[in-house]
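Encoded as structure tokens, the structure appears first; notes follow it.
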Amino acid sequence: MADATATDEAVPSAWAISDGAAGNERQVLALTAALGLDPAIKRIHLRQPWRWLAPRLLTGARFAFAPAPAPPWPDIAIGCGRQAALLTRTLRELSGGTTFTVQILDPRIDPAQFDLVVAPRHDGLRGANVIETLGALNPVDADWLEHARVEFSTLQQLPAPRTAVLVGGPRRDLDLDAAWLEDFVARLAALLQSDGGSLMITFSRRTPAAWRERLRGAFHNGCVHFWSGAVDGTNPYPGYLAHAVRIVVTPDSVNMLSEACATGVPVLTCLPALARGKIAAFHAALRAESRLHELGAAPVPMSPQPAALRETAAVAVEIGRRYLARKAQPAPLESN
């Protein structure tokens, strides 16, 4: 494992479990990397009715997975997302209690069903085995950014100041309608007109076709760099973060907002007035620490900025400490 958890023993075996959703898998892999693990990646697919009821329904769980999990069981299992939580939870029984189970995000059941749960503050989860974060786990740190600067060095040819624009998509607790999109485009255009420079715009898998077309139609000159999918070649998203002097993020994605805040440059968004629920609480927490600003409001100072929001390494240290503490405990006596 990482230096903070190093021993003379071999590196623990690990599974990285998700439902294949990019945001969930990214958090798992960021955490296993910070722990110094080389995990087997498990993208699970649940049969019904477990898909509807995961991770609550344990009855017959060995029939829930396609394909079914099989030994050897890992020393450490890290899952992210509700469906992954069924396997993470089940591994405690399958392994006879030898697998150390870590679940990222609120599993919507008692955290005591896992050895550890890592959850952002806005999930409102509490417990002795809960590690609380402000944002989502991610790989962004100084080394990651430096590597991206070199790999995507051609982005330096774009006019300065360079603004990265990270575009997600609609979600239930945000009213991101056509009027919101027009307002967002107008604020971006005003920023480009007032400050000059260039925009580096990337779309996620959730970005609707209408959003892509509107942004491409609004910004199509030599001062804009677009990436919208595999047809455009290698994803320059890391380079966008590394070469940006500020980052604009649509308000829907906790992952993208967290990664933007991990760069240490100003981050701006455009949150609808009627935003509610966990996403609104997350925005409020970022704004309270001056990590997030309103796009189009008063000019945002380029410095000083709060310390970059980089939580993954600290979470890895705490997980490693608790894993080693668990391993040091004597094995329970077998009953006669």
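Things to note:
- Selection from the range 172-196 of residues that are buried (at least 16 other Cβ atoms within 10 Å of the Cβ) and outside any helix (DSSP H, G or I): 174, 176
- Look at the range 196-216: where a residue is free of Cβ contacts under 8 Å to residues at least 40 places away in the same chain and a partner is of a type in the set (Lys, Arg) and part of a helix (DSSP H, G or I), sitting 6+ places away or on another chain with Cβ atoms under 7 Å, you get 203/212.
- Scanning the range 59-89 for residues that are at pLDDT below 85, surrounded by fewer than 16 Cβ atoms within 10 Å (Cβ to Cβ), at negative phi and not basic (Lys, Arg) yields 59, 63, 66, 67.
- For the range 97-120, the count of residues that are in contact with a Gly (Cβ under 9 Å, 6 or more places away or on another chain), in a helix (DSSP H, G or I) and farther than 30 Å from residue 264 by Cβ is nonzero.
- Within the range 63-105, being out of contact with any strand residue (DSSP E or B) (no Cβ under 9 Å at 6 or more places or on another chain) and not basic (Lys, Arg) holds for 63, 67, 68, 70, 71, 72, 93, 94, 96, 97, 98.
- Among the criteria (1) assigned by TED's automatic domain parsing to the domain that holds residue 265; (2) more than 30 Å from residue 302 (Cβ to Cβ); (3) of a type in the set (Lys, Arg), the one residue 162 does not fulfil is (2).
- Top-ranked residue of the range 243-258 - restricted to ones that are in contact with a Lys or Arg (Cβ under 9 Å, 6 or more places away or on another chain) and more than 20 Å from residue 191 (Cα to Cα), ranked as surrounded by the most Cβ atoms within 10 Å (Cβ to Cβ): 252
- A single entry from 287, 216, 310, 291 fulfils the requirement of being basic (Lys, Arg) and modelled with pLDDT under 95: 216.
- Residue in the range 243-250 that is farther than 17 Å from residue 165 by Cβ and not in a helix (DSSP H, G or I) present: no
- Spans of helices (runs of 4 or more DSSP H) in the range 19-94 with at least 3 residues farther than 19 Å from residue 119 by Cβ and of a type in the set (A, V, I, L, M, F, W, C): 50-53
- Check on residue 285, assigned by TED's automatic domain parsing to the domain that holds residue 184, of a type in the set (A, V, I, L, M), in contact with a His (Cβ under 8 Å, 6 or more places away or on another chain) and outside any strand (DSSP E or B): yes
- Per-region count, the range 197-214, residues under 27 Å from residue 24 (Cα atoms) and surrounded by 18 or more Cβ atoms within 10 Å (Cβ to Cβ): 7
- The residues of the range 144-171 that are touching a Lys or Arg at 6+ places or on another chain (Cβ under 9 Å) and surrounded by 14 or more Cβ atoms within 10 Å (Cβ to Cβ), listed by number, are 155, 161, 162, 163, 164, 167, 168, 169, 170, 171.
The values are calculated or read from the model by the stated rules, or taken from the named source; none is laboratory data. Small disclaimer: the values here were computed from a predicted structure and weren't measured. We place every Cβ from the backbone using ideal geometry, glycine too, and count neighbours over all the protein chains shown.
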